[in-house]
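Q: One structure is given below, represented as structure tokens, and several questions about it will come after.
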């Protein structure tokens, strides 16, 4: 997965090495100027890693977007969503039901990177 934020290009990859161990690679840099890479070992099987990811985050789609985002409900005991601009300013807040996924209109937001926080979990999306 590739994405850019504040002029910095980022790469995130998960792969299996020759010994079938999962690795996470995070690259930060700029195309044409070089990247710094960090490699992390991920414990467990593919199923355990997917389950861990499902239990510890929520998904925002489509990402990037220009008017509507959908958010999978993390069901982490809270029903309040807060959205922050990349400089930390609260730009939207809403309540939602425990069992429902969330749809939000972001057409009124300026282009940029935004952070959504639900309880102790957060995820980013890009507004085109």
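The values are calculated or read from the model by the stated rules, or taken from the named source; none is laboratory data. All of these numbers come straight from a predicted model, not from anything done at the bench. No Cβ is skipped: glycine too gets one built from the backbone with ideal geometry, and neighbour counts run over all protein chains shown.
Q: Find the residue count for the stretch 98-108, including only residues that are loosely packed, with under 12 Cβ neighbours inside 10 Å and in contact with a strand residue (DSSP E or B) (Cβ under 7 Å, 6 or more places away or on another chain).
A: 2
Q: Can you say whether residue 86 is closer than 17 Å to residue 128 by Cα, in the same structural domain as residue 128 (by TED's automatic domain parsing) and modelled with pLDDT under 90, as far as the supplied structure shows?
A: yes
Q: Identify all residues within the stretch 82-97 that are exposed (fewer than 10 other Cβ atoms within 10 Å of the Cβ) and at negative phi; write none if there are none.
A: 87, 89, 95, 97
Q: Something else about it: Take the residues in the stretch 114-125 that are over 13 Å from residue 73 (Cα atoms) and crowded, with 17+ Cβ neighbours inside 10 Å, then tell me which one is modelled with the highest pLDDT.
A: Only one residue fits best here, namely 114.
Q: Taking residue 60, is it touching a strand residue (DSSP E or B) at 6+ places or on another chain (Cβ under 9 Å), exposed (fewer than 15 other Cβ atoms within 10 Å of the Cβ), modelled with pLDDT of 70 or more and within 12 Å of residue 127 (Cα to Cα)?
A: no
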